[in-house]
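All remarks here apply to the structure that follows.
Each reported figure results from applying straightforward, stated rules to the coordinates on display, with no laboratory input. Bear in mind that the values here come from a model prediction, so they are computed numbers and not experimental data. All Cβ positions, even for glycine, are placed from backbone atoms using ideal geometry, and neighbour counts span all protein chains on display.
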Amino acid sequence: MIKKILIFCSLLFAFQTMVFAQNGNVKPLTIGEIRTLKSKVLNEERTLNIYLPQNFDKTKAHPVIYLLDGSMNEDFIHVVGLLQFFNQMYAMPETIVVGIANIDRKKDFTFHTDLKDLQKDYPTTGHSAKFINFLEKELKPYIESQFKTTDTYLFGQSLGGLLATEILLKKPEMFDNYFIISPSLWWDDESLLKQSTQLLSKSADKKKFVYVSVGKGEHKVMVKDAEDLFDILKKSNKKNWTVEYKMMETDNHATILHRSLYEGLVKLFPYQEPK
């Protein structure tokens with residue numbers, strides 16, 4: 001019995017020694033920065049999760065992705081992982097990601113509606129114009145004052161896709177590249193979609209990449225609206241706009257984002273065998 005106790009104590013001591021040794025080598029794993037931007041437009045503080053590429057050099061200019069739904073418990077981490085993979089394996093340049101953490105996405109991503117059922121389900125709705133103003137007048141200038149930047153991207157899904165579509169149609173010059181995934185164009189009885197042809201007729205024909213995607217397993221209205229948006233964009237006669245569409249055959253509204261972003265990025269940065 002005493003022999004068993006001694007063996008147990010020896011093993012416990014060895015385990016504790018190993019743990020203490022390992023703890024002595026622990027250090028934080030850092031992939032970027034968390035910043036707080038006080039917005040006068042929104043009258044609130046907004047958290048920004050910022051990914052800086054592994055070989056980040058502040059003296060060099062980098063593309064910037066503005067990620068809606070960019071909280072740590074939303075899309076920030078898995079999108080950053082996807083970007084790191086494309087930096088490593090594809091011809092995508094090292095890119096900064098600015099994840100915009102949410103406070104109330106239903107308020108920020110939707111425009112006004114008079115439909116009573118939507119007002120009931122979304123009581124804070126209708127402030128996208130103010131949020132777009134925040135992006136244009138405060139967030140982008142702030143990021144550009146902190147980092148040297150080149151091309152800009154906007155990533156948005158669902159209500160974020162609705163907001164990205166609204167910006168594309170009303171203020172397309174804000175971003176160079178738009179990734180619009182499963183946009184909630186059903187909002188306000190599809191009023192944005194109904195205005196899209198007229199809005200597009202007013203926008204300049206400057207170089208732009210637009211990627212629209214939807215999952216085959218999504219609600220039939222979501223699928224129809226995404227297809228209609230793509231069709232309207234293609235018929236807008238923007239010769240300098242590259243417009244792509246992808247039906248994700250095996251995805252639904254919950255599963256689409258990561259794989260769809262991968263497919264969209266491949267269209268911009270196709271794989272090339274190493275020379």
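A search for C-beta distances below 8 Å between a residue of the stretch 249-262 that is hydrophobic (A, V, I, L, M, F, W, C) and any residue that is in a loop (DSSP other than H, G, I, E, B), counting only pairs 6+ apart in sequence or on different chains, returns ILE256/SER182; ILE256/GLU218; LEU257/ASP75; LEU257/SER182.
Within the stretch 129-139, one or more residues are in a helix (DSSP H, G or I), β-branched (Val, Ile, Thr), crowded, with 16+ Cβ neighbours inside 10 Å and touching an Asp or Glu at 6+ places or on another chain (Cβ under 8 Å). Is it true that some residue in the stretch 173-185 is among the small types (Gly, Ala, Ser) and in contact with a helix residue (DSSP H, G or I) (Cβ under 6 Å, 6 or more places away or on another chain)? There is at least one residue in the stretch 173-185 that is among the small types (Gly, Ala, Ser) and in contact with a helix residue (DSSP H, G or I) (Cβ under 6 Å, 6 or more places away or on another chain).
Has the stretch 193-210 got at least one residue that is at negative phi, of a type outside the set (A, V, I, L, M, F, W, C) and in contact (Cβ under 8 Å) with a residue 40 or more places away in the chain? Can you show your working first?
Step one: of the stretch 193-210, the residues at negative phi are 193-210.
Going one step further and asking which of them are of a type outside the set (A, V, I, L, M, F, W, C), we end up with 194-198, 201-203, 205-208.
Now restrict to residues that are in contact (Cβ under 8 Å) with a residue 40 or more places away in the chain: none.
Scanning the stretch 193-210 turns up no residue that is at negative phi, of a type outside the set (A, V, I, L, M, F, W, C) and in contact (Cβ under 8 Å) with a residue 40 or more places away in the chain.
The criterion of at least 2 residues that are more than 23 Å from HIS112 (Cβ to Cβ) and among the hydroxyl-bearing types (Ser, Thr, Tyr) is met by the following strands (runs of 3 or more DSSP E) wholly inside the stretch 156-273: 208-215, 241-248.
When the stretch 140-169 is limited to residues that are farther than 20 Å from SER39 by Cβ and either of a type in the set (D, E, K, R) or out of contact with any strand residue (DSSP E or B) (no Cβ under 6 Å at 6 or more places or on another chain) (or both), the one that is surrounded by the most Cβ atoms within 10 Å (Cβ to Cβ) turns out to be LEU162. Scanning the stretch 179-217 for residues that are over 22 Å from GLY126 (Cα atoms), touching a strand residue (DSSP E or B) at 6+ places or on another chain (Cβ under 7 Å) and surrounded by 17 or more Cβ atoms within 10 Å (Cβ to Cβ) returns PHE179, LYS208, PHE209, VAL210, TYR211, VAL212, SER213, VAL214, GLY215.
How many residues does the stretch 69-88 hold that are assigned to a loop (DSSP other than H, G, I, E, B) and of a type in the set (A, V, I, L, M, F, W, C)? Don't jump to the end; show me each part of the working.
Of the residues in the stretch 69-88, the ones assigned to a loop (DSSP other than H, G, I, E, B) are 69-75.
When the remaining residues are screened for being of a type in the set (A, V, I, L, M, F, W, C), the result is 72.
Count: 1.
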